[in-house]
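No lab work stands behind these numbers, since they all come straight from the coordinates. Model, not experiment: these values are computed from the prediction. Every residue, glycine among them, receives a Cβ derived from its backbone with ideal geometry; neighbour counts consider all protein chains shown.
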Amino acid sequence: MSKLYSGAEIVFKSLEDQKVEHIFGYPGGAVLPIYDELKNHPSIKHILVRHEQGAGHAAEGYARSTGKPGVVLVTSGPGATNVVTALTDAYMDSVPLVCISGQVPTHLIGTDAFQECDTTGITRPCTKHNWLVKDINDLPRIMHEAFEVATTGRPGPVLVDIPKDIQFAKAKYFKPKKEKKLKEKSLNRFNQKDIDQLVDLMKKASKPIFYSGGGVINSGPKASELLRELVSLTGFPITSTLQGLGAYPGDDDQFLGMLGMHGTFEANNAMHDCDLLINIGARFDDRITGKIDEFSPKSKKVHIDIDPSSINKIIKVDLSIVGDVADVIKSITKTLQKKNLNLEKSNKQKISKWWQQIEKWRTKQSLNFINSDTVIKPQHAVQRLYELTKDRDTYITTEVGQHQMWAAQHYKFNKPNRWMTSGGLGTMGYGLPAAVGVQVAHPEKLVIDIAGEASILMTMQEISTAVQYNLPIKIFILNNQYMGMVRQWQELLHEKNYSESYSKALPDFVKLAEAYGCVGIRAENPDELDEKIEEMINTDRPVIFDCHVDQAENCYPMIPSGKPHNQMLLGPNDQEKNKISGKGKALV
Amino acid sequence: MVKSKSAYSPPTNLGKLDTHIIVVWVTNEASVLSRVVGLFSGRGYNIESLAVAEVDQKNNLSRITIVTTGTPQVIEQILLQLKKLVPVHKVGNFKRDDKNVIFREMALLKIVANTVKIKKALITCKKFNPVILDQTNKSAVIQIIALKKEIDNVTKILKPLGLVSASRTGAVAMTRGAEIFN
């Protein structure tokens, strides 16, 4: 007879079999048996966070920077409810997470017991799937299935709720079955005909564009390599969503920059005017499309995605290819080569006109801003940060708001998995704990959270985690004392009624850093910025960098409300030239 | 035009609404119905009726029949989203006016009235194979099996004849001929 293991042991045995090295969590009454078992499994390191939301975001940062699933361990009731924001965030941005939560003993479920909540009920809409383990004999199967669901197809979070009595109960353990595929859920569903059709469209196109997204990152580093090969083989321009940054080199000439609400003038105009739009692993998010009726009106649209439900959800497409991005791109490239179609050469003439048009748009230099000698402009701060860190393999996380968009616009990513930001859910407070998770996965690398002072205060407590584990993360706060993006919208859309967007009281971030046992640095004028950034980079401890920036700066360019891509609002430089007044103002 | 203060795209013109019957085979496990129903409510889809029961004890399968209305785009989304749920095995989709599919709904109708009215009520139901499940000298419970529209009509007619309570199952569906759905 094979050996019997307790539920807690089974949890760890399956984590070991899934090659989990780190878990992020917080103990409590209903998970104590699992925490008790931790000491017997030295290959698994537990990172104690300060709030369960932090555990979730740290696991997200860990997952997004490594491609491996992030593992979270929390207790019942408040432990589980605190992690809901992170689960929803992971669900929106397709991040593989496995969350294990404790639950009150089976016989107390439904009695409003201490720290009881309907965890599987609450997390059902924000996970790919979840399980309440009612029989210890189901636990090994459920644990393995949890990892499989989280990581296959379009990745996402899952949750396993384990009542305390099940953690004590005993059962046999079995290892995960290899190569067991979830029926029809992870399969490529395209064939050569689809690829041929796409290649045909590519051959005919005279104004083509690639629009790539987070799916390329999720498909693995190989997909990014294949994408680069395809783009160079075709000579087509490429733009990227917020989540896709890094899949294609940010400083390459064929890259038009990010598209969407705060995307570049050239990327958005190219999207609007193109005659062939090839979406690779993106989902036509509303921050990308602008007004749906007028989205890219003249183009044939192709959508490559692993999730069939992404197709035709928002934008009707002419050709859909359901499959893993890497596999699809490989087939396209192969077909192009087999047919000996070097589009870069054969299509050159047709496309060169398109490139001329793009170059014309580029001359607008839509990311430009009016720099200052006296006050640090936030864009300037990000640019300097980029220049001073670009030679290292730097990992960037962000919070949510203006600073996030400036980071996306001015920090150029050359590799996938280097950019962790909350796009779909837009979770303020994401960046600090995410940086913790990234640094845990990459202890020797430079990890910077480009932050805002309002966001950072939402999960500030996790700096304590960073100090505890000697994680030298850098919190680079663009401090304008406002919830900047809220203030910008209030200025542009609500007649400058800055309702509750100013923080009248803020902590002294330098002293706060010292109180937490890390290093505080403050920069107040442009002259000292470089020197202070160098100091931050050279500090081998966690740093809070309080960068005082222009309070009134707005994030441009911007697609104003309900407008299509070709009606962008440009920055003050351009506004000065064109003197938008009267009627033009209504565009906002 | 009123100046928009929202950065969300304004609603686009809705397509034509169609009624569809969606059949879902699921593993019969705890909370599976709530996953399916939660998908509908969470994404704003409509449920006109819902019928569910275990159909295969050995393989632990339940069959859920949902009647819903939506634009073609919404119906397509419903099908694709349902297929993503882990306990869902397969999903069938039929238009309500599909001639190759039989739709039926059962109703139990309680009439409280004198025998004359009860007799009239039975005549009204004649087309739908009425079965009297219970009868006293001042009441009757009649079972009929028909289409939703037909039951709607019958209950309207039966109101003045003493219908006090109606219990309905919601539609279930089966294809005609030897074919089964895939």
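In degrees from 0 to 90, rounded to the nearest 10, what is the angle of the helix A:52-66 Cα long axis to the longest principal axis of chain A?
Helix A:52-66 and the main axis of chain A meet at about 60 degrees.
Return a whole-number percent for the relative contact order of the stretch A:1-147, with Cα pairs under 8 Å and 6 or more residues apart as the contact set.
With pairs under 8 Å counted, the relative contact order is 24 percent.
Which lysines, on any chain, are close to A:Lys474 with Cα under 28 Å apart, when same-chain ones fewer than 8 places away are left out?
Reachable lysines: A:Lys45, A:Lys68, A:Lys377, A:Lys390, A:Lys412, A:Lys415, A:Lys445, A:Lys504, A:Lys511, A:Lys532.
Note the angle between two axes, namely the Cα long axis of helix A:378-389 and the longest principal axis of the Cα atoms of chain A, as a number of degrees from 0 to 90, rounded to the nearest 10.
Between the helix axis and the principal axis of chain A, the angle is about 70 degrees.
What percent antiparallel are the DSSP beta bridges of chain A, to the nearest 5?
So the antiparallel bridges in chain A amount to around 5 percent.
Based on the mean of other beta carbon atoms within 10 Å per residue, what is the order of A:431-441, A:274-284, A:322-332, A:379-389, most packed first?
Answer by packing, highest mean first, reads A:431-441, A:274-284, A:322-332, A:379-389.
May I ask for the equivalent-ellipsoid semi-axes of the stretch A:1-139, computed as the square root of five times each C-alpha gyration tensor eigenvalue and listed largest first in whole Å?
Result for the stretch A:1-139: semi-axes of 21, 20, 14 Å.
Calculate, in nm to one decimal, what B:Ser167 and B:Ser34 gain on full extension: separation in residues at 0.36 nm each, minus their alpha carbon distance.
Full-extension gain reported as 45.7 nm.
If you find the alpha carbon centre of the stretch A:401-471 and of the stretch A:43-62, how far apart are they in angstrom?
Distance between centres, Cα-based: 14 Å.
Need one value for A:490-498: mean number of C-beta atoms belonging to other chains within 10 Å of its residues' C-beta atoms.
1
With n ≥ 4 as the cut-off for DSSP H runs, can you work out [θ] at 222 nm for the protein assembly as shown, using -39500 (n - 2.57) per run divided by the number of residues, rounded to the nearest 500?
Result for the protein assembly as shown: -10000 deg cm²/dmol, rounded to the nearest 500.
Report the extension gain between A:Thr539 and A:Ser352 in nm, rounded to one decimal, defined as 0.36 nm multiplied by the number of residues separating them, less their alpha carbon distance.
62.5 nm
So if R0 is 35 Å, what FRET efficiency would A:Gln365 and A:Leu506 give, r being the distance between their Cβ atoms, rounded to the nearest 0.05?
0.55
Sort chain A into rounded, prolate or oblate with this rule: let a ≥ b ≥ c be the square roots of the eigenvalues of the Cα gyration tensor; rounded if a/c is under 1.5, and if a/c is not under 1.5, prolate when a/b is larger than b/c, oblate otherwise.
The shape class here is oblate.
Taking each residue of B:75-87 in turn, how many C-beta atoms of other protein chains fall within 10 Å of its C-beta, and what is the average?
Per residue, the number of nearby Cβ atoms from other chains is 4 on average.
Treating only the Cβ atoms of Lys and Arg (+1) and Asp and Glu (-1) as charged, compute the dipole magnitude of the protein assembly as shown about its Cα centre; round to the nearest 20 debye.
Rounded to the nearest 20 debye, it is 4020 debye.
Assuming R0 = 45 Å, what is the FRET efficiency of A:Glu21 and B:Glu150, from their Cβ-Cβ distance, to the nearest 0.05?
That gives a FRET efficiency of 0.10.
Other chains near A:304-315: what is the mean number of their Cβ atoms within 10 Å of each residue's Cβ?
Other-chain Cβ atoms within 10 Å of each residue's Cβ, averaged: 3.
Once you keep just the Cα pairs under 8 angstrom separated by 6 or more residues, what percentage relative contact order results for chain A?
Worked out over chain A, it gives 14 percent.
Rounded, prolate or oblate: which fits the stretch B:1-132 when a ≥ b ≥ c are the square roots of the eigenvalues of the alpha-carbon gyration tensor, with rounded for a/c under 1.5 and prolate only if a/b beats b/c?
Verdict is oblate for the stretch B:1-132.
For the stretch B:39-84, what is the charge dipole size about the Cα centre, in debye to the nearest 20, if Lys and Arg each add +1 at the Cβ and Asp and Glu each add -1 at the Cβ?
Its charge dipole is roughly 160 debye.
Put +1 on the Cβ of every Lys and Arg and -1 on every Asp and Glu Cβ in the stretch A:26-126; which of A:Asn82, A:Gly110, A:Val72 then has its Cα farthest towards the positive end of the dipole?
Comparing the listed Cα positions along the dipole, A:Val72 ranks first.
Starting with the highest mean, order A:118-125, A:9-16 by the number of other Cβ atoms within 10 Å, averaged over the residues of each peptide.
With the highest mean Cβ count within 10 Å placed first, the list reads A:9-16, A:118-125.
If you put +1 on each Lys and Arg Cβ and -1 on each Asp and Glu Cβ, how big is the dipole of the stretch A:364-453 around its Cα centre, in Debye rounded to 20?
320
For the stretch A:157-251, which chymotrypsin sites (Phe, Trp or Tyr not before Pro) are both in a DSSP coil and crowded by at most 14 other Cβ atoms within 10 Å?
Hits after loop and neighbour filter: A:Phe174.
Helix A:139-151 sits at what angle to the longest principal axis of chain A, using alpha carbons and giving 0 to 90 degrees rounded to 10?
10
Obtain the nm distance between the two label points defined at B:Arg43 and A:Lys334 by a simple spin-label model: each point lies 7 Å from its Cα along the Cα-to-C-beta direction.
3.2
Taking the simple approach of a point 7 Å from Cα along Cα-to-Cβ for both B:Ser6 and A:Asp138, what is their distance in nm?
A separation of 4.1 nm, rounded to one decimal place.
For the stretch A:164-318, what are Rg and Dmax over the alpha carbons, in angstrom?
19.1, 66
With a 10 Å radius around each residue's Cβ, average the other Cβ atoms per peptide and rank A:40-49, B:85-94, highest first.
Top of the packing list down: B:85-94, A:40-49.
What FRET efficiency would be calculated for the residue pair B:Ile123, A:Asp286, taking the C-beta separation as r and a Förster radius of 56 Å, to the nearest 0.05?
The formula returns an efficiency of 0.45 here.
For Cα pairs less than 8 Å apart in space and 6+ apart in sequence, what is the mean separation divided by the residue count of the stretch A:404-470, i.e. the relative contact order in percent?
RCO, the stretch A:404-470: 33 percent.
Stretched out fully, how many nm does the piece from A:Val375 to A:Asp36 gain, at 0.36 nm a residue minus the Cα gap?
Extra length available between A:Val375 and A:Asp36 comes to 116.7 nm.
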